[in-house]
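The values are calculated or read from the model by the stated rules, or taken from the named source; none is laboratory data. Everything quoted here is computed from the prediction, not taken from an experiment. With ideal geometry, Cβ positions are generated from the backbone for all residues, glycine too; neighbour counts draw on all protein chains shown. Note: accessible area is taken over every heavy atom of the protein model, side chains too, but ligands, DNA and RNA are not part of it. Shrake-Rupley method; radii C 1.70, N 1.55, O 1.52, S 1.80 Å.
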Amino acid sequence: MLFRSYVQVFEDAEKAAPMFREIEKNFGRLSISKEAGMMAGELEKRAAEERAFKPGMAFPAFAAGLKDTAGQPFTLDRFKGKVVLVDFWATWCEPCLDEMPNVIAAYGKHHAAGFEILGVSLDREGDGAKLAAFTQEHKMPWPQFYDGKFWDNQLVKQYSVHA
């Protein structure tokens, strides 16, 4: 798309979206108008996501009724007053696996001081045993949420995780 390279210049989706809406309006029936409209829609969505997760804001609660892989409630409530890393990852994700030794080391170093990790697995349906074996082998004692829905995982959607 023509506009994708221009959007890289506008790191602020909130400011870029209205510009693309203006192009859409001004170029009417031309194909550039349709392209600008689609880009504006993507930017508006991204801007809304960015507004929901600003530094310093409280992390929005997980949906009610979720359970971790051990059958315990998957909730932030039990970690009030602690520093919590919510780690979206998967056993098939090479960058995730490359980073995992650092995550495990940080947990080992800071857990006693109140550092917690909550894992959100994007593993696919049927990979529950693989996930359990991986977390046990790599000594990852923190709670894991796994629903087997890959990129349709409800927490991935709730928190607008794209990569």
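List of remarks:
- Region 80-121 shape via C-alpha gyration tensor axes, a/c threshold 1.5: oblate
- At least 30 Å along the helix axis (C-alpha) and Kyte average at least -1.0, DSSP helices within the chain: 31-52
- Secondary-structure-derived ellipticity at 222 nm for the chain, considering helices only, amounts to -13500 deg cm²/dmol, per-run term -39500 (n - 2.57) for DSSP H runs with n ≥ 4.
- Relative contact order, whole percent, for the chain stands at 18, derived from Cα pairs under 8 Å and 6 or more residues apart.
- The residues of the chain expose, per residue, 63 Å² of accessible area to a 1.4 Å probe.
- Computed magnitude of the charge dipole of region 83-146 (debye, nearest 20; Cβ of K, R +1, Cβ of D, E -1): 220
- The label-point distance for Ala58 and Asn26, in a model that sets each label 7 Å from Cα toward Cβ, rounds to 4.4 nm.
- Under 5 Å between amide hydrogens, built in the peptide plane, is the criterion, and for Glu116 it picks out Val83, Val84, Leu85 among residues at least 5 positions away or on other chains.
- If only the Cβ of Lys and Arg carry +1 and only the Cβ of Asp and Glu carry -1, the dipole of the chain around its Cα centre is close to 380 debye.
- Difference of contour (0.36 nm per residue) and Cα-Cα distance, Val86 to Thr69: 4.6 nm
- Residue ranges 90-97, 40-47, 54-61, 70-77 sort as 40-47, 90-97, 70-77, 54-61 when ordered by packing (mean number of other C-beta atoms within 10 Å per residue, highest first).
- Summing Lys and Arg as +1 and Asp and Glu as -1 over all other residues whose Cβ lies under 12 Å from the Cβ of Lys157 gives a net charge of -2.
- Surface/4 estimate of mean projected area, convex hull on alpha-carbon atoms of region 41-163, nm²: 8.3
- Nitroxide proxy distance, nm - points 7 Å out along Cα→Cβ at Ala129 and Arg51: 4.7
- Rounded percent of accessible protein surface that carbon and sulfur make up, region 1-143, 1.4 Å probe: 57
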